[in-house]
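What follows is a set of notes on a single structure, which appears directly below.
The values are calculated or read from the model by the stated rules, or taken from the named source; none is laboratory data. This structure is a prediction, so every number in the text was calculated from the model and none was measured. Glycine gets a Cβ as well: all are built from the backbone with ideal geometry, and neighbour counts include every protein chain shown. When the accessible area is computed, the model is the full protein with side chains, heavy atoms only, and any ligands, DNA or RNA have been set aside. Shrake-Rupley method; radii C 1.70, N 1.55, O 1.52, S 1.80 Å.
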Amino acid sequence: MRLFQELEFLIDDNKNQSNIKLLSAMVETDSISHAYLFSGNSTDQLYKLALSFAASINCTEGGCGTCEICRGSMKGINSNILVVESEGNILRIEEVTALQRFMGMSAYGPGRKICIIREAELMNSEAANRLLKTLEDPPDERSVFILLSEDTSVILPTIMSRCLVYSWNFEFEDSKTKQAEFKILEKYLDEGLKRILAANEINHDTLDLSLRILEILRKMEAGLRSSLEMELEKVDSRNYIKEDLKKYHSILKSKHKRKLAKFKKLGISKVFDIISAWLEDIITVRLGVNQENLNFKNNYTFIKNKIRNVRIKKIIKLLEAIEGNRAYLGYSINPELALDNIFLSIDRLILER
Ligand SMILES: [Zn+2]
């Protein structure tokens, strides 16, 4: 199934790999289940994923990516595919009724009828109960439902239990500003590390560096927070029924909370990535590997000339410590402390060499 192997936005990790293996096997053996729930942090990427799964199901070659069915399906334009999307911010019973009508008709050609429901968490209870009935008693053997959700905690457990649930890890969606901000962070960190590593004695900048880096991260986080707040205000200014508004508010708020938590984790994790890459480069140069194989090729001369006597064993120990700290990022580790510790350890490398 070629289409499924070309999803560039999927992180190359065990969970995604095993999901792809399982779904590919279902397509190859034509043992497609009638309901799936895909969850992950980005509706748009879940949607792309659902479309390529749909294309793979209906393509006679299991998702060649080039035939008419594949090409149409990838755009969501195919007579056997219906995409259900909320109008506004609540998915109502009208949409589910339309879906039932579509699924009640027989499939065009040899394919299956596939219904993709975007943002399934937006269903109100009436719509959810109607969908549940359809899932319990699907209109025909060859119908497939693919529900997509960023927040499965608000989906009816009875609906969840009718679906094969797959959760996915996507690359964090970097907006242009965020990418630019990360570039600044990277540059700052690079310069700071050079200062520490080039010094001949313990460096008093060390703690200042972690403070400044956290400051940059906090600024980025504040930017994200205010854009999320604007989203809430926009919702408030629309004319919704009070009950709908309340529900939508709580959905948005939990979504925002998740986004912020994720950003925090990602920010500090990027800082760790950069430091690790730096340390790996030191080892690489010390082992005599050429410039082309460095993470940061521009640092070759610096490392070669300035960092002479650091023991590889120590750097490996430090890399292990960083990975250890990273493992705790999921819990509420204090990022300030973690960074301080790492910079201080790098500083100590200099003292002890
Ligand atoms: Zn095809």
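Computed quantities for the displayed model
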{"quantity": "Output for the range 121-163, where each listed residue is more than 28 Å from the chain's Cα centre (by Cα) and in a strand (DSSP E or B)", "calculated": "SER143"}
{"quantity": "Flag if THR60 is modelled with pLDDT of 90 or more and surrounded by fewer than 22 Cβ atoms within 10 Å (Cβ to Cβ)", "calculated": "yes"}
{"quantity": "PRO157 away from the ligand (no atom under 16 Å from the Cβ) and not aliphatic (A, V, I, L, M)", "calculated": "yes"}
{"quantity": "Candidates GLN17, GLN5, GLN45, filtered to the one that is of a type in the set (S, T, N, Q) and in contact (Cβ under 8 Å) with a residue 40 or more places away in the chain", "calculated": "GLN45"}
{"quantity": "Exclusive hit being at pLDDT 85 or above and in a helix (DSSP H, G or I), set ILE251, ILE282, ILE268", "calculated": "ILE282"}
{"quantity": "Qualifying residue in the range 5-14 (condition: closer than 12 Å to TYR166 by Cβ, modelled with pLDDT under 90 and out of contact with any Ser or Thr (no Cβ under 6 Å at 6 or more places or on another chain))", "calculated": "yes"}
{"quantity": "Selection count, the range 231-264, where residues are under 30 Å from ILE316 (Cα atoms) and touching a helix residue (DSSP H, G or I) at 6+ places or on another chain (Cβ under 9 Å)", "calculated": "2"}
{"quantity": "Helices (runs of 4 or more DSSP H) wholly inside the range 1-120 containing at least 3 residues that are away from the ligand (no atom under 16 Å from the Cβ)", "calculated": "14-28, 43-58, 93-104"}
{"quantity": "Selected residue (criterion: farthest from GLU121 (Cα to Cα)) from residues of the range 236-248 that are open to solvent by less than 100 Å² (accessible area, probe 1.4 Å) and assigned to a helix (DSSP H, G or I)", "calculated": "ASP236"}
{"quantity": "Residues satisfying the stated conditions in the range 153-183, i.e. modelled with pLDDT of 85 or more and open to solvent by 30 Å² or more (accessible area, probe 1.4 Å)", "calculated": "LEU156, PRO157, THR158, MET160, SER161, ARG162, LEU164, VAL165, SER167"}
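For (1) of a type in the set (A, V, I, L, M); (2) surrounded by fewer than 22 Cβ atoms within 10 Å (Cβ to Cβ), each residue gets a yes or a no:
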{"residue": "ASP13", "(1), (2)": "no, yes"}
{"residue": "LEU23", "(1), (2)": "yes, no"}
{"residue": "THR29", "(1), (2)": "no, yes"}
{"residue": "LYS48", "(1), (2)": "no, yes"}
{"residue": "SER73", "(1), (2)": "no, no"}
{"residue": "ILE77", "(1), (2)": "yes, yes"}
{"residue": "GLU85", "(1), (2)": "no, yes"}
